[in-house]
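Trainee: Below: one structure in structure tokens.
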Amino acid sequence: MYRRTKYDLKQELNLIKESGLFKDERIILSDQKANIEVSYPAGSKSKEVLNFCSNNYLGLANHPQIIDAAKKALDKYGFGLASVRFICGTQDIHKELEEKISNFYHTDDAILYSSCFDANGGLFESILGQDDVIITDELNHASIIDGIRLCKAKRFIYKHSDMKSLEQKLVMAREGMDIWEHTGLAHEPKPAKNIIIATDGVFSMDGDIANLKDIVELGKTYDAMVMVDDSHATGFFGKTGRGSVEYNDVLGEIDIITSTLGKAMGGASGGFTASKKEIIDMLRQRSRPYLFSNTLAPSIAGAAIAAFDLLDKSNDLRERLMDNTTHFRKKMKELGFDITESVHPITPVMFRKFDNDAKLAQTMAKELYSEGIYVVGFSFPVVPKGQARIRTQISAAHSRENIDKCIAAFEKVGKKLKVI
Ligand SMILES: Cc1ncc(COP(=O)(O)O)c(C=O)c1O
């Protein structure tokens, strides 16, 4: 009977609403780009706003060459495969895209998934077992957390980007100290067989970049592999867009890279793992989202190939994105906003100086929407208590005029709400 569950769920939903954390959907009536048409609250008269909260970093979501490539793949390969890869779902464009990705990241091979969430979900349990250890940054993405939960390996969490804390965990894993500490069971300390250090390349709530150089060094010292989720960097970060891995000058030195095609690389969906031959071979045998979920749609594979080709030929979009980011960060700081230190297009405007940080972030986002700027306020539990923020995201799709309009709106609303 649903009655009991319905009651419980309603109670819980009310609690979420009362605490101001209920997430409304805004309905977009246009394609994804800098200026979008939005109906909010859903069903109300739509209006045009400037979009400063999508992951459309390079503006490829509605790029004519990407759409054209998707259409061509649709015409040639059809709408879908109605199969998983290993039964009858592998087309030549899936292999072509995998080769492109492994060349791009200087790895032996790559494997496609329907999303990076699936890539992370299907990674750890396929290659590690109960004698192994995963050491994970405390701020890693939910999909890494869930992927680790599915795996029998032991999990150690290190403090965010804290190399001392990471080293401590590596020592514990290597020496087998306190591995069962949390269970209270009697035990023989047992050194780990295999160790993986797992980290986001760029952390999505702060836009800060993992210190991969030091992480790789620690990996070498303690004979641990390094896994990086480069979702917020693939295609646009680093000199030639090879992400946080290139930015940190460790291209070719990361054992496992996962990433998404659903952000800078066209923004539809799709993900991948790029790695050593044996790891990819094993993922093709064991990785559950790969074995038991449908093939990436051919139109997306075709469009992703075009996106990699486009970025190979020209640096224009990357340069525009970085110019826009530098300009926005500089001007916002000059106005007195509290911006976290980084060079990434994710630019969180922080409210940590204010007691009512969560409310202020929500109110400011609403007022900005009235000014034609679409941004979202984040507060606890999405970010730690007292760290509420508006996470702005800059894109190559923004013109300088768009960016300046956003800055002017922040200035106007910020002064009104006494944030600056
Ligand atoms: C760091 C990180 N990893 C993985 C994902 C999931 O990517 P996808 O949308 O391809 O599942 C995201 C998306 O929010 C992300 O930010």
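Read the figures in this text as sums done on the coordinates, not as results from a lab. As the structure is a computational prediction, the values presented were derived from the model and not from experiment. Methodologically, a virtual Cβ is constructed for each residue, glycine included, from the backbone with ideal geometry; neighbour enumeration extends over all protein chains shown.
Trainee: Mind checking which lysines have their Cα closer than 27 Å to the Cα of LYS412? Skip sequence neighbours fewer than 8 apart in that chain.
Mentor: LYS23, LYS33, LYS45, LYS47, LYS330, LYS331, LYS333, LYS353, LYS359, LYS366, LYS385
Trainee: Okay, next question. Using the count of nearby Cβ atoms within 10 Å as a rough guide to exposure, how do LYS47, LYS313, LYS220 rank from fewest to most?
Mentor: On the way: LYS47 15, LYS313 7, LYS220 11.
Lowest to highest Cβ neighbour count: LYS313, LYS220, LYS47.
Trainee: Test of understanding: given the chain, find the longest segment containing no GluC sites (Glu not before Pro) that are in a DSSP loop and have at most 13 other Cβ atoms within 10 Å.
Mentor: Numbers: sites that count: GLU25, GLU138, GLU341.
Longest run free of exposed loop sites: 139-340.
Trainee: Relative to the Cα centre, what is the charge dipole magnitude of the chain, using +1 at the beta carbon of each Lys and Arg, -1 at the beta carbon of each Asp and Glu, and rounding to the nearest 20 debye? Write down the numbers at each step before the final one.
Mentor: Working: 56 positive and 58 negative charges, 302 e Å.
It works out to roughly 1440 debye.
Trainee: At a threshold of 8 angstrom on Cα-Cα distance, excluding pairs fewer than six apart, so keeping six or more, what relative contact order does the chain reach in percent?
Mentor: 21 percent
Trainee: In what sequence do MET282, MET265 fall when counting other Cβ within 10 Å, fewest first?
Mentor: On the way: MET282 15, MET265 30.
Ranking MET282, MET265 by Cβ neighbours within 10 Å, fewest first, gives MET282, MET265.
Trainee: What number do you get for the chain when its Cα radius of gyration is normalised by 2.2 N^0.38 Å, N = residues?
Mentor: Numbers: Rg = 22.4 Å, N = 420, 2.2 N^0.38 = 21.8 Å.
So the chain has a normalised radius of gyration of 1.02.
Trainee: Quick one: which residues, 5 or more positions from THR136 or on another chain, have an amide H under 5 Å from its amide H? H modelled 1.01 Å from N in the peptide plane, none for Pro or chain starts.
Mentor: PHE156, ILE157, TYR158, ALA198
Trainee: For the stretch 288-295, what does the Karplus curve 6.51 cos²θ - 1.76 cosθ + 1.60, with θ = phi - 60°, yield as ³J(HN,Hα) per residue in whole Hz, taken in order and with x for Gly and Pro?
Mentor: Karplus values, whole Hz, x for Gly and Pro: 5, x, 7, 6, 10, 9, 4, 4.
Trainee: Next question, about the same structure. With a sphere of radius 13 Å drawn around the Cβ of LYS213, what net charge do the other residues whose Cβ falls strictly inside it have (Lys, Arg +1; Asp, Glu -1)?
Mentor: Values: positive: LYS220; negative: ASP214, GLU217, GLU246, ASP249, GLU253.
Net of charged neighbours comes to -4.
Trainee: Turning to a different aspect of this structure: State the number of lysine pairs found in the stretch 194-317 whose Cα atoms come within less than 27 Å, restricting to pairs 8 or more positions apart or on distinct chains.
Mentor: Taking the Cα cut-off of 27 Å, the pair count is 15.
Trainee: Right, here's the next one. Using Cα pairs under 8 angstrom and six or more residues apart, how large is the relative contact order of the stretch 205-268, in percent? Each step should come with its number before you reach the end.
Mentor: Values: 88 pairs, mean separation 20.8, N = 64.
Taking the mean separation of contacting Cα pairs over the length of the stretch 205-268, I get 33 percent.
Trainee: Ok, one more. Once each part is reduced to its C-alpha centroid, what is the distance from the stretch 225-276 to the stretch 318-351 in angstrom?
Mentor: 22 Å
Trainee: When the C-alpha atoms of the stretch 64-313 are aligned to their principal axes, what extent does each axis show, in angstrom, from largest down?
Mentor: Sorted largest first, the three principal extents are 62, 39, 29 Å.
Trainee: Same structure again: Could you let me know the centre-to-centre spacing of the stretch 51-98 and the stretch 368-420, using Cα atoms, in angstrom?
Mentor: 32 Å
Trainee: Continuing with the same structure: Apply the Karplus curve 6.51 cos²θ - 1.76 cosθ + 1.60, θ = phi - 60°, to the phi angles in the stretch 23-30 and return the couplings in whole Hz, x for Gly and Pro.
Mentor: The phi angles translate into 9, 7, 9, 9, 9, 8, 9, 10 Hz.
Trainee: Kindly put VAL343, VAL133, VAL250, VAL228 in sequence by how many other C-beta atoms sit within 10 Å of each C-beta, fewest to most.
Mentor: Numbers: VAL343 14, VAL133 24, VAL250 19, VAL228 29.
Sorted ascending by nearby Cβ count, the order is VAL343, VAL250, VAL133, VAL228.
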